1. Neighbouring Cβ atoms within 10 Å as the yardstick, rank Ile112, Ile98, Ile140 fewest first.
2. Could I have the simple spin-label model distance between Ser203 and Ser177, label points 7 Å from Cα toward Cβ, reported in nm to one decimal?
3. Can you put Ser123, Ser146 in order, fewest other beta carbons within 10 Å first?
4. Among residues other than Val225 whose Cβ falls under 11 Å from its Cβ, what is the net charge (Lys/Arg +1, Asp/Glu -1)?
5. Quick one: if you stick a label point 7 Å off each Cα along the C-beta vector at Ile112 and His224, how many nm between them?
6. Taking 0.36 nm per intervening residue step and subtracting the Cα-Cα distance, what contour gain separates Val93 from Phe64 on full extension?
7. Near Thr216, within a Cβ-to-Cβ distance under 14 Å, what is the net charge of the other residues, with Lys and Arg +1 and Asp and Glu -1?
8. Which of the GluC sites (Glu not before Pro) found in segment 159-219 are loop residues per DSSP with 10 or fewer other Cβ atoms within 10 Å of their Cβ?
Amino acid sequence: MALRLLSPPPAAIRSRVFFCTATAPNSDSTAQLDTVTENTYVEYTVNIYFNSTLLGLHGETYVFDIDETGVWVDLGGDSSLMSGDTEAVTPVVGTIFISEIGVTVTPDAWNIGPQPLSYVGESGTFTVENTGGVAEDITIFGGNGSNGWTLSPDVGLNAFKVEVDKDDDGSYETVLSTGEQAFATNVPVSGTETLGLRYSAPSGDSYGGGLAHDFTVTVKASEHVP
């Protein structure tokens, strides 16, 4: 929000204006003194913080106004609160936009089961759905195994690989990593995307048999910004 302070005419000179916040999110309660020459203006950026929940629905508007009776002024040596609201500050109208982000994956697990080294297997189809209230961009990333194996771009000793097949058409265009990678953009509300996974077991193991090496695949949604 931009706050413009207009200097009054000489008949009612208030040559200096300062802001002092007793409590602020950044703990800065030091007053800053500025000089405003008569018949000029100075613009300040004012951050509005709420000490309680702002109640409202998507698309509703709020009017933010400055009550000057809570503003201190320096009258040439004596500082005091203004006695009345001149309504010189133009109210700012804000519209509430509530962005509900949600995403689901069905099914939510793939049981690969005990397999030999160098095993390669493909999953069934997973469906990713935008369950939020706005269009979403979706990213995907993986995790290392639960007992020492690592997710890697190539198989190796204690290293397994997972590939992602967007649209589950057999292309496997993405090698999964622990960093986020783009999967789908601008997915509409209730829209769906499909994917398949291909798992390649390590070519060697130093941890011994009988251990589960479960890993996670995470899809993450964010609001799409055109």
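1. Details: Ile112 14, Ile98 11, Ile140 21.
Ascending Cβ contact count within 10 Å gives the list Ile98, Ile112, Ile140.
2. 2.1 nm
3. In order of increasing Cβ crowding within 10 Å: Ser146, Ser123.
4. Numbers: positive: none; negative: Glu136, Asp137, Glu223.
Spelling it out: positives minus negatives among the neighbours equals -3.
5. 3.2 nm
6. Numbers: separation 29, 0.36 × 29 = 10.44 nm, distance 0.61 nm.
Stretched out fully, the Val93 to Phe64 stretch lengthens by 9.8 nm.
7. Values: positive: Lys220; negative: Asp108, Glu180, Asp214.
In short, -2.
8. Details: sites: Glu163, Glu173, Glu180, Glu193; in loops: Glu173, Glu180.
In loop regions of segment 159-219 (DSSP not H, G, I, E or B), the sparsely surrounded GluC sites (Glu not before Pro) are Glu173.
None of the figures in this text is laboratory data; all of them are computed from the coordinates on show. Remember, predicted model here, so these are calculated numbers, not experimental data. As a convention, Cβ positions derive from the backbone with ideal geometry for all residues, glycine included, and neighbour counts pool all protein chains shown.
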